[in-house]
Every structure is written in structure tokens, then in C-alpha cells.
Amino acid sequence: MKVVFLGTNGWYDSPTGNTVCILVETARAFMLLDAGSGLHKADRYLKADKPVHLFLSHLHLDHIIGLHLLNKFDMPEGLTIHCQNGDLEHLKAVIAPPYSMPFSALSYPVDFIEHDGATLDTDGFTVRSAPMRHSVPTIGFRIETEGKTLAYCPDTGYCDSAVELSKDADLLIAECAFRPGEEDERWPHLNPESAARLAHDAGAKKLVLVHFDAYRYPDLEMRRRAESASKRVFTETSIAIDNQAYAI
Ligand SMILES: [Zn+2]
Ligand SMILES: [Zn+2]
């Protein structure tokens, strides 16, 4: 399994990069975790011979703004968009005229799956979702394939559901919108220490921090400070940077 970080910012684009979008390549499928503006780089990696699965955590615009670029790509094996129960209706209202080209006008087939926590087995992987703790309903995903487990915990505060979803993951990709020590109960996000605590409590093998709030993290030096803060709690921490790739 290969992971490429196409976008690693939260909230908006800045000199540090694009908003969140992560590409995962396996032998049988491509996966995309969220569809921020980093999605525009996906055609550097996508090949026509495999289906594409796109997993949407929630509908905040920094996670879906890339969807208006879908007509840039060719996905002859089809695109399946996974979202939480109830979000599809809203998604179809936004990715439609007058805002954007509708899904039905794309040159390739698009399917939709709404997740309610049940496990789905398709195209060489299994996936299930769990609720996160955020200002709007949000889900994370646990993907198991090729003997490895990847957990994605996007916009969330620390919660038991995120720990359970990330249990014994080979790679936990967790958001880190807040600065070290920062918390806000009205609009929950992880900070470097709480993301590290999540990784530790879940027994994850490796943690990569992503979704750095563009206002709070104006440069990569700030991200490196977050990495140091996280490593004091969970040593196997790295920070995601746009265009970086990892093999799991
Ligand atoms: Zn976000
Ligand atoms: Zn959000």
C-alpha cells in the first residue's frame, strides 16, 4: 500500500499547500481520503486500470471543494463516493448547477455508498466508519487491505470512537488543526498531544499528522514544532507535507 499526501492543510490553501486529500494505492484499487483542493494533483498518480474509491468524512468545504474538479479526470473503472448516512442528499445539491457540473455529466460511472458503521468488502479491501467528535456530523474510516490497517481520523476531538476505529492500526492518519495545548469544546479538533494520545491509546504503530489549520500553521517550521510536541507522547509521529509519499 502506498500513501501520497496530495493536500495537508485544514481550512484553506496557503504556501504550505492545499486542503486535505490523501491518495492510497493498492494492487486492486485507488482510494482518496477527502476531496480538498489537493485533489487536483490526483491525476499525477491515478491510472486507468483500477477503480477509484473516494471517502468523504464530512461536508465542510475544505474537505469537498476539490469535487468541482472531477471532470479533470478519467476513471474508466468507475468512481465510488463513500459518505456518511444523510450527507449524499446535500452533496448532490452542491455538486450540481449552478455551482458545479453534476455527477451525472461526468464521462465515467459514479456510484455512491452511504456508511452507517457496517463493514463493506469490495475491490480487495474492507472498510468501516465510525463517528468522530466535531462541530457537524463527521466520520472516520478504517481500511484493511493487503494485511495492513489504515485508520483515518479527520476533523475530531479526542474520543473513544476514534480510539476504537484506530485499534492496532499500522498507520493512523489523524488531523492536527490545533496548536500544541489548544482546545475548543465548541468546535473540536485534535492538537499534537491529543493526536498522540489517540495513537498511543489505540496501540497504533505509526502516526502521521495532517490537516494543519492554515491560519495556526502558516509555515512548515510550525508543523515541525507540532511533531516535537507529539513525539513527547508518541515517538512514532511524522508530519504530513504536500506531495510526500509513504509505503506501508
Ligand atoms: Zn477540516
Ligand atoms: Zn471540519
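Structure data summary
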quantity	calculated
Whether the stretch 90-163 is rounded, prolate or oblate, judged on the alpha carbon gyration tensor where a/c under 1.5 counts as rounded	oblate
Choice from PHE178, PHE234, PHE125 with maximal GNM fluctuation in the chain (Cα, 10 Å cutoff)	PHE125
Residue order, fewest to most beta carbons within 10 Å, for VAL210, VAL110	VAL110, VAL210
Mean separation of Cα contacts under 8 Å, 6 or more apart, over the residue count of the stretch 1-76: relative contact order %	28 percent
Highest-MSF residue in the chain out of LEU79, LEU190, LEU39 [GNM, Cα springs under 10 Å]	LEU79
Bridge type composition, the stretch 2-247 - antiparallel percent by DSSP, nearest 5	50 percent
Residues SER228, SER104, SER57, SER37, sorted so that the one with the fewest Cβ neighbours within 10 Å comes first	SER104, SER228, SER37, SER57
Taking the C-alpha atoms of the stretch 1-143, convex hull volume expressed per residue in Å³	107 Å³
Relative contact order (%) - the chain, alpha-carbon pairs under 8 angstrom, separation at least six	18 percent
Semi-axes of the equivalent ellipsoid for the chain, Cα gyration tensor, largest first, Å	27, 19, 17
Structure-based [θ]222 nm, the chain - -39500 (n - 2.57) summed over DSSP H runs of at least 4, per residue, nearest 500	-4500 deg cm²/dmol
Simple Cβ-charge dipole of the chain, Lys/Arg +1 and Asp/Glu -1, about Cα centre, in debye nearest 20	540 debye
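Read-outs throughout are calculated quantities, based only on the coordinates presented, and are distinct from any laboratory measurement. Predicted, not measured: the structure shown is a model, and the values here were computed from it. We place every Cβ from the backbone using ideal geometry, glycine too, and count neighbours over all the protein chains shown.
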